[in-house]
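Rule-based calculations on the coordinates, nothing more; no lab input. Here the structure is a predicted model, which is why all the values come from computation and not from measurement. Cβ placement follows ideal geometry from the backbone for every residue including glycine, while neighbour counts extend to all protein chains displayed.
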Amino acid sequence: MEFESVIRERQATRKFSNKEIEKEKLEKILEAGRIAPTAKNLQPIKIYVVESTEGLEKIDKASPCRYNAPIVLLVCGDKDIAFAKGDYSTYEMDACIVATHMMLEATNQGINNIWVEMFDEKVLREEFNLSNNLIPVCLLPIGYKTEDCPESPMHNTRKELSELVEYK
Ligand SMILES: Cc1cc2nc3c(=O)[nH]c(=O)nc-3n(C[C@H](O)[C@H](O)[C@H](O)COP(=O)(O)O)c2cc1C
């Protein structure tokens, strides 16, 4: 896909079908995450590909926002590896860049997706046995949308550039 189409056509999907994601497509999505930039190139990231029935049930315990997706990428930042200055750490920023790369590559592969921050961190931590250094940053449910999947309600609601940008 043209890059312009990828960034314009991506939209939040909230109704996934049971159709499986092709292995090659999933690998391309994960590869896009692997090559994402991170502070000092420290790559403080762990991505869990949750695809088993048991794993998806665990996601459902932690979040109401899987929307029937057959795969959820659980993206974590690693506090022990990330660049840090005093209390400040880039783990969250790094994880968001990695997740954004994967979200856009998913769109590029024709795989629908949604960014989800509505999850119970404690439940995720317990269900996936996460070590203390790993902080869940987002969930990315991915898959094929259903034929009757509604348009994302706010997809075309954006501020004008003039409200966001100021030239100095
Ligand atoms: C950081 C972030 C967190 C989000 N969390 C959720 C969520 O927990 N549940 C959900 O249904 N949508 C979530 N979304 C999707 C947004 O609501 C959606 O991206 C926004 O309304 C714009 O619509 P669009 O993605 O279709 O352009 C999230 C998006 C972002 C970027």
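Structure notes:
- Odd one out for F119, checked against (1) touching a helix residue (DSSP H, G or I) at 6+ places or on another chain (Cβ under 6 Å); (2) of a type outside the set (G, A, S); (3) farther than 18 Å from L26 by Cα; (4) not in a loop (DSSP other than H, G, I, E, B): (4)
- As for the stretch 121-143, it holds at least one residue that is surrounded by fewer than 18 Cβ atoms within 10 Å (Cβ to Cβ) and touching an Asp or Glu at 6+ places or on another chain (Cβ under 7 Å).
- When each of E117, E51 is tested for being within 16 Å of the ligand (Cβ to nearest atom), in contact with a strand residue (DSSP E or B) (Cβ under 8 Å, 6 or more places away or on another chain), more than 25 Å from E2 (Cα to Cα) and acidic (D, E), the lone residue that passes is E117.
- Of all residues making up the stretch 55-90, the number that are in contact (Cβ under 8 Å) with a residue 24 or more places away in the chain, among the charged types (D, E, K, R) and within 16 Å of the ligand (Cβ to nearest atom): 2
- Count - residues of the stretch 152-168 that are part of a loop (DSSP other than H, G, I, E, B) and exposed (fewer than 10 other Cβ atoms within 10 Å of the Cβ): 10
- Scanning the stretch 30-60 for residues that are hydrophobic (A, V, I, L, M, F, W, C), more than 15 Å from F119 (Cβ to Cβ) and in a helix (DSSP H, G or I) gives L30, A32, A39.
- Residues in the stretch 80-118 that are of a type in the set (D, E, K, R) and crowded, with 17+ Cβ neighbours inside 10 Å were compared, and the one that is nearest to R8 (Cα to Cα) is E105.
- Qualifying residue in the stretch 12-35 (condition: of a type in the set (K, R) and within 16 Å of the ligand (Cβ to nearest atom)): yes
- Considering only residues in the stretch 135-168 that are in contact (Cβ under 8 Å) with a residue 12 or more places away in the chain and of a type in the set (G, A, S), the one that is nearest to the ligand (Cβ to nearest atom) turns out to be S152.
- In the stretch 1-29, the residues that are surrounded by fewer than 18 Cβ atoms within 10 Å (Cβ to Cβ), part of a helix (DSSP H, G or I) and aliphatic (A, V, I, L, M): V6, I7
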